[in-house]
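Notes to accompany the following structure.
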Amino acid sequence: MIIEINLLGGQKKKRKGAGAGISMPKFGEMFQGVKDPLLLGAVGAWAVVAVGVGLLFATTQAKLQTLDTEVRQVRTDAQRFSNMMEKKRQAESLRDSLEQDQTTPGSLASTWCRRPRSPAAPPTHS
């Protein structure tokens, strides 16, 4: 068994990388084939527009999510406030009807709920 050693140098064998065989395209070679510089500008402009629209969409979606949570909170607060106001109206209505019933002469409540009157002041002799 003989081992050969190449001492001359020259072209070496390429080793395969650890990746899945996917390599990045060589952009320099791609641009050498393009003859029209305006085409490159147009493609670049479209790329910038696409990135801008994507960023605008992402920021708008984020704002929409925050506003949606705020709307939900406001709706629950409004419902709670509406319920509280309805209970307050009912309590005021009950209070008003009881007050009217007490002040009406001859009503049943006026005979039950008489307030003691303060005694009359004794007459003064001068």
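The values are calculated or read from the model by the stated rules, or taken from the named source; none is laboratory data. Predicted, not measured: the structure shown is a model, and the values here were computed from it. Each accessible area value is taken on the protein alone, full model and side chains, heavy atoms only, with ligands, DNA and RNA left out. Shrake-Rupley method; radii C 1.70, N 1.55, O 1.52, S 1.80 Å.
Data overview
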| read-out | value |
| --- | --- |
| Subset of segment 30-66 that is open to solvent by 100 Å² or more (accessible area, probe 1.4 Å) and either aromatic (Phe, Trp, Tyr) or under 26 Å from the mean Cα position of the chain (by Cα) (or both) - its residue that is modelled with the lowest pLDDT | 31 |
| Flag if residue 117 is more than 30 Å from residue 34 (Cα to Cα) and modelled with pLDDT of 95 or more | no |
